[in-house]
Each structure stands twice: as structure tokens, then as C-alpha cells.
Amino acid sequence: GCIVDGKLYPFGEIPRTENCFACSCSQQKIACCSLFHTPISYDKENCKVVFNKEKCDYDVLQKSDPSKECVVYSRV
């Protein structure tokens, strides 16, 4: 198998690792890509970015009231 972030996975497709990556594992190589998109354009003065491991994505929340989301204009 392949080791990703210290955890052993079997050969084949790995739909989601513990740290939110999708991987393809073979005897020759492992290739992974993230399942999340990083916010780059949002109100950085009034909002904060928090990684949500359950959703495998970043939440952008108001600093003054973290129960409210901020508008994100672009992600990469």
C-alpha cells in the first residue's frame, strides 16, 4: 500500500484521506490532489478562514460573529 500522512492505505483509488486528499496509489507511485479550494479573495479585514475537516473545505467566517459566513469572490 501507500503511506499518506503517516497512515497506510491499500493500493488503488483513495477517495478521501483523513486530511482531505484524493489519491491514486500503485506500486510505482502515489499521486494526490486536494479536495478543497483555498479562498484568496474575500474581506480579509473582517473575515477569517477556518478549515472544516468534515466538509473538506475552508469556511470563511465573520471575525465579529463566526456563526455568519463571508462572501468569497474566488478560490484556488
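Quick check on Ser34: is it at pLDDT below 95, surrounded by 10 or more Cβ atoms within 10 Å (Cβ to Cβ) and out of contact with any Gly (no Cβ under 9 Å at 6 or more places or on another chain)?
Details: at pLDDT below 95: yes; surrounded by 10 or more Cβ atoms within 10 Å (Cβ to Cβ): yes; out of contact with any Gly (no Cβ under 9 Å at 6 or more places or on another chain): yes.
Yes; evaluated as a whole, the condition is true for this residue.
Of all the residues in the range 48-69, those that are within 26 Å of Cys33 (Cβ to Cβ) and either touching a His at 6+ places or on another chain (Cβ under 8 Å) or open to solvent by less than 100 Å² (accessible area, probe 1.4 Å) (or both) number 11.
The values are calculated or read from the model by the stated rules, or taken from the named source; none is laboratory data. Given the structure is predicted, the values throughout are model-derived calculations rather than measurements. Counting neighbours? That spans all protein chains shown, and the Cβs are built from the backbone with ideal geometry, glycine included. For the accessible areas, the whole protein counts, side chains as well, though only heavy atoms, and no ligand, DNA or RNA atoms are used. Shrake-Rupley method; radii C 1.70, N 1.55, O 1.52, S 1.80 Å.
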